[in-house]
Amino acid sequence: MTQPLTILGIAGSLRKASFNRYALAAARQLAPEGVTVETFDIAPIPLYNQDEDANPPAAVTELKARVKAADAVLFATPEYNYSIPGVLKNAIDWASRPYGDSAWDSKPVAVMGASPGAFGTARAQYHLRQCFVFLNMYQLNRPEVMIGSAPSKFDAQGNLTDETSRKLIRQLLEGLAAWTRRLQQG
Ligand SMILES: Cc1cc2nc3c(=O)[nH]c(=O)nc-3n(C[C@H](O)[C@H](O)[C@H](O)COP(=O)(O)O)c2cc1C
């Protein structure tokens, strides 16, 4: 029997009809047996202020607890101006502090993203992967899940209808689960 795993999904968009939120919803459905994908909404997190490190807002305390409790993290990032949205970086920064108490440290992590553009957030994903290095997160390299031309891949209700993207997300989750179990075995 393999150990059940919990993956915490975080979308880098606050938009209700966000393709990246929809992609995470698809990941919840596509999770392999023994894997549960939960989500955390970063909308209530205020702007980072280092003066508040010792007394963070409740939403940040909750984010840190949820990340620490999860076996792994899955980011679904939009691409803003060839990088990750400020709201996502802001949440990452909060949960990395105070120095010495980062929630991200040693966490297995995977990334995916959806965009109406052709490159499916490729550039943003590489900026996010750079953050993982300093955060000492253990990133899954493959598959790279870049959902380009997103409006043609989701239906009006936000369901991911594109079979190739569904297959890639399934492979991403299987890969993240295997990677997490390998790291947990030491
Ligand atoms: C400020 C801003 C900058 C953007 N820059 C890019 C970009 O560099 N590359 C890209 O593919 N799309 C860009 N877009 C379009 C987003 O990919 C699109 O709004 C997408 O739907 C956002 O993700 P979401 O649906 O999860 O909210 C940008 C959108 C905004 C609002």
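The values are calculated or read from the model by the stated rules, or taken from the named source; none is laboratory data. These numbers were taken from a predicted model, which means no experiment stands behind them. Positions of Cβ are backbone-derived with ideal geometry, glycine not excepted, and every protein chain shown enters the neighbour counts.
What the table below lists for this structure:
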{"quantity": "Tally of residues being in contact with a Ser or Thr (Cβ under 9 Å, 6 or more places away or on another chain) and either within 19 Å of residue 89 (Cα to Cα) or aromatic (Phe, Trp, Tyr) (or both) across the range 147-182", "calculated": "1"}
{"quantity": "Number of the exception - residue 170 against (1) touching a residue at least 60 places away in the same chain (Cβ under 8 Å); (2) within 24 Å of residue 14 (Cβ to Cβ)", "calculated": "(2)"}
{"quantity": "Matching residues, the range 155-167, being part of a loop (DSSP other than H, G, I, E, B) and touching a residue at least 12 places away in the same chain (Cβ under 8 Å)", "calculated": "158, 159, 162"}
{"quantity": "Selection within the range 1-41 - part of a loop (DSSP other than H, G, I, E, B), of a type outside the set (A, V, I, L, M, F, W, C), in contact (Cβ under 8 Å) with a residue 60 or more places away in the chain and within 14 Å of the ligand (Cβ to nearest atom)", "calculated": "12, 13, 18"}
{"quantity": "Qualifying positions in the range 87-136 - in a loop (DSSP other than H, G, I, E, B) and within 16 Å of the ligand (Cβ to nearest atom)", "calculated": "115, 116, 117, 118, 119, 120, 121"}
{"quantity": "Evaluation of residue 72 against (1) surrounded by fewer than 23 Cβ atoms within 10 Å (Cβ to Cβ); (2) of a type in the set (Gly, Ala, Ser); (3) at pLDDT 95 or above; (4) more than 16 Å from the ligand (Cβ to nearest atom) (one fails), failing number", "calculated": "(1)"}
{"quantity": "Of all residues in the range 42-63 being crowded, with 19+ Cβ neighbours inside 10 Å and among the hydrophobic types (A, V, I, L, M, F, W, C), the one that is nearest to the ligand (Cβ to nearest atom)", "calculated": "42"}
